[in-house]
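K.L.:
Just dropping this structure here.
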Amino acid sequence: MRRKVIFPGTALPYLLLAPQLAITVVFFFWPAAEAVWFSFLRQDAFGISTQFVGLENFQDLFADPLYLQVVRNTLVFSVSVTAIAMAVALLLAVLADRHIRGREAYRTLLIWPYAVAPAVAAVLYIFLFHPNIGLLGRALNGMGIAWDYRLNGDQAMLVVVLAAAWKQVSYNFLFFLAGLQSIPRSVLEAAAIDGARPVRRFWTVVFPLLSPTTFFLLVINLTYAFFDTFGIIDALTKGGPANATQTLIYRAYIDGRVNLDLGSSSAQSVVLMVAVMILTLVQFRFIERKVHY
Amino acid sequence: MSQALPAIAAPDAAASAARRARADWVTHGILILGVALFALPIWLVLVGSTHDAATISRGEVPLLPGAHAIETYAAVWSQGDTRRAQVPVSTMMLNSAVMALLITVGKIVISILSAYAVAFFSFPGRMLCFWAIFVTLMLPVEVRIFPTFQVVSDLGLVNTYTGLIVPLIASATATLLFRQFFLTIPDELVEAAKMDGAGPMRFFRDVVLPLSATNIAALFVILFVYGWNQYLWPLLITTSADVETIVIGIVKMIGAEADTEWNRVMATTVLALLPPVAVVILMQKWFVKGLVETEK
């Protein structure tokens, strides 16, 4: 798509684009290209000599049981976060869309967690689930359940999932609410005249009409769980106990920044780039379809 | 949905009204429960920050405010925690504010300029430039941690505001949003401006910029929250206390749990939450509009 009426000149637009393009090239394309290049190299233990090893880094990666565990962790984590955050948000949005008193107030009170940093959300969850100082953590131990997310991998996963989902609900809520409000009244009235009860009306009329929003949020939530939850994991569990909450991003950080393993970290970056590309392409396919709806 | 059409939905008006009232109560009940679940952790932290360190570490989990609010907040504000290098929270807040505001303004400025170039001019490589900006969506910092750090360190930008901010201010999302909006500006406006002899920059300043005010406000909220909440990038780029942001600072305060001053962590958490939450709530109208429209 383009405008019919435009301004003449070529120097000015290049000048206007220069800052954005400079940053894009220096801090996006250059490092991305380096990641791809490094992923084919291997350094010796002292970082003195480097040699080209082809796809060996990738082979090693996928032969490493720890990395496969990390892939599994990431899938469990992302799917759980997405399912919880979307289900809760949909329920709240449907209710907040009803014509009840104080709906504006409810909206305000439900959207603010969007502004909370993932790492800060994690700190809030420490005060809920810490076995010694957390409200629920102490209660669970008081009831005789051996609760300590710092020792038990499943419990650790549960806490990071809840913290990550908690933070994402408000985002999903706003989109579901916008989606609900754009459903034509006449459709709902027609269903009501046909005598459909509210619950049936929701599943047969409203929910299918929301599907573009739902698909869009599905991709956005998976992307969020994959890439934006580093702070939650770092602040709550540091990937532990025994790597139970290590996700792909966290692993790439550990290998790149802590273990300084150039080849492996770069190979992991390439794997992540492929993942994010797939997610972005899927997202834009759905959006395109939505436009043509 | 149902209660908008009671007369049609149910022939018996009295039964319908009763059902509606019951449904309203259930709705209020669940929504209040939702609001409470969201607010509970904040309440715990807010209350905890008004007690002394011993109360929290004994695990009393107070649910009502205590008497130590002023001393706790004054202490973190001026000295941080006593256990580590003692970066005062006021310094962290300042660093976070500088980072968030410069990222926000930087992203808006370079995005609106590049969107203007792509939308209002025709030049060789126009679509190439547009796609180059667009694909950065697929290359978030998180997937190129190590090489990006290398580039920044080769440029000598580790532990500087420049290194912290500049790599983050390219924005495909903001550019797309502005371009989308610019395509809706009527051709007649451009024609009229040209006839009056206005050049492209004059048109930008007098027409495009004022028309973009709402979009800028919406982006401001989203980008300020994005900037304030950055975690991985500052963690990579800053090792010195001078440029430590508050989100990083809190996590460092927790460090080794045994001697953590939990009441100070709680007070710092409250302070870290305040600016972005205030921006979202006070600018709610633009935020909601911007969020829902940016992503489309």
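What follows draws every value from the coordinates through simple rules; no lab data is involved. Bear in mind the structure is a predicted one, so any value in this text is a computation, not a measurement. Here Cβ is always computed from backbone atoms with ideal geometry, including for glycine, and neighbour counts include all displayed protein chains.
K.L.:
Looking only at helices (runs of 4 or more DSSP H) that lie completely in the range B:193-254, which have at least 2 residues being free of Cβ contacts under 8 Å to residues at least 24 places away in the same chain and surrounded by 14 or more Cβ atoms within 10 Å (Cβ to Cβ)?
P.N.:
B:246-254
K.L.:
For the range A:146-194, how many residues meet the condition of being touching a residue at least 60 places away in the same chain (Cβ under 8 Å) and either outside any helix (DSSP H, G or I) or in contact with an Asp or Glu (Cβ under 7 Å, 6 or more places away or on another chain) (or both)?
P.N.:
7
K.L.:
Can I ask one more? Of the conditions (1) more than 9 Å from chain B (Cβ to nearest Cβ); (2) in contact (Cβ under 8 Å) with a residue 12 or more places away in the chain; (3) not hydrophobic (A, V, I, L, M, F, W, C), A:K238 clears all except one; give me its number.
P.N.:
Here A:K238 clears every test but (2).
K.L.:
Here is a follow-up. Name every residue in the range A:71-108 that is closer than 21 Å to B:A23 by Cα, without any contact (Cβ under 8 Å) to a residue 40 or more places away in the chain and part of a helix (DSSP H, G or I), in order of residue number.
P.N.:
Correct list: A:A87, A:L91, A:L95, A:R103, A:E104, A:A105, A:Y106.
K.L.:
Oh, and also: Looking at (1) among the aliphatic types (A, V, I, L, M); (2) more than 9 Å from chain B (Cβ to nearest Cβ); (3) under 21 Å from A:R107 (Cα atoms); (4) under 15 Å from the mean Cα position of the chain (by Cα), find the lone condition where A:L210 falls short.
P.N.:
(4)
K.L.:
Here is a further query. Can you tell me which of (1) closer than 30 Å to A:V199 by Cβ; (2) small (G, A, S); (3) more than 18 Å from the chain's Cα centre (by Cα) is the one A:A89 doesn't meet?
P.N.:
Exception for A:A89: condition (3).
K.L.:
Of everything in the range A:213-235, what is of a type in the set (D, E) and either more than 10 Å from every other protein chain (Cβ to nearest Cβ) or closer than 14 Å to A:Q168 by Cβ (or both)? Give them in sequence order.
P.N.:
If the condition is that a residue be of a type in the set (D, E) and either more than 10 Å from every other protein chain (Cβ to nearest Cβ) or closer than 14 Å to A:Q168 by Cβ (or both), then A:D228 is the only one that fits.
K.L.:
Hey, among A:R107, A:R42, A:R103, which residue is farther than 30 Å from B:V270 by Cβ, surrounded by 13 or more Cβ atoms within 10 Å (Cβ to Cβ) and in contact with a helix residue (DSSP H, G or I) (Cβ under 9 Å, 6 or more places away or on another chain)?
P.N.:
Exactly one residue qualifies, and that residue is A:R42.
K.L.:
Checking B:D196 against (1) closer than 29 Å to B:W43 by Cα; (2) more than 15 Å from the chain's Cα centre (by Cα): exactly one of these is not met. Which one?
P.N.:
With (1) closer than 29 Å to B:W43 by Cα; (2) more than 15 Å from the chain's Cα centre (by Cα) applied to B:D196, the lone miss is (1).
K.L.:
Within the range B:104-127, is there a residue that is part of a helix (DSSP H, G or I), crowded, with 20+ Cβ neighbours inside 10 Å and more than 12 Å from every other protein chain (Cβ to nearest Cβ)?
P.N.:
yes
K.L.:
Using the structure shown, decide if A:V199 is more than 8 Å from chain B (Cβ to nearest Cβ), surrounded by 19 or more Cβ atoms within 10 Å (Cβ to Cβ) and in a helix (DSSP H, G or I).
P.N.:
Criteria not met by A:V199.
K.L.:
Would you mind finding the one in A:A178, A:A115 that is at the interface with another protein chain (Cβ under 7 Å from one of its Cβ atoms) and more than 21 Å from A:V81 (Cα to Cα)?
P.N.:
On the way: A:A115 fails: more than 21 Å from A:V81 (Cα to Cα).
Result of the check over A:A178, A:A115: A:A178.
K.L.:
Additional query: Would the range A:271-290 turn up any residue that is crowded, with 22+ Cβ neighbours inside 10 Å, in contact (Cβ under 8 Å) with a residue 12 or more places away in the chain and farther than 16 Å from A:V71 by Cβ?
P.N.:
First, the residues of the range A:271-290 that are crowded, with 22+ Cβ neighbours inside 10 Å: A:272.
Now narrow it down to the ones that are in contact (Cβ under 8 Å) with a residue 12 or more places away in the chain: A:272.
Narrowing further to those that are farther than 16 Å from A:V71 by Cβ: none.
Taking every residue of the range A:271-290 in turn, none turns out to be crowded, with 22+ Cβ neighbours inside 10 Å, in contact (Cβ under 8 Å) with a residue 12 or more places away in the chain and farther than 16 Å from A:V71 by Cβ.
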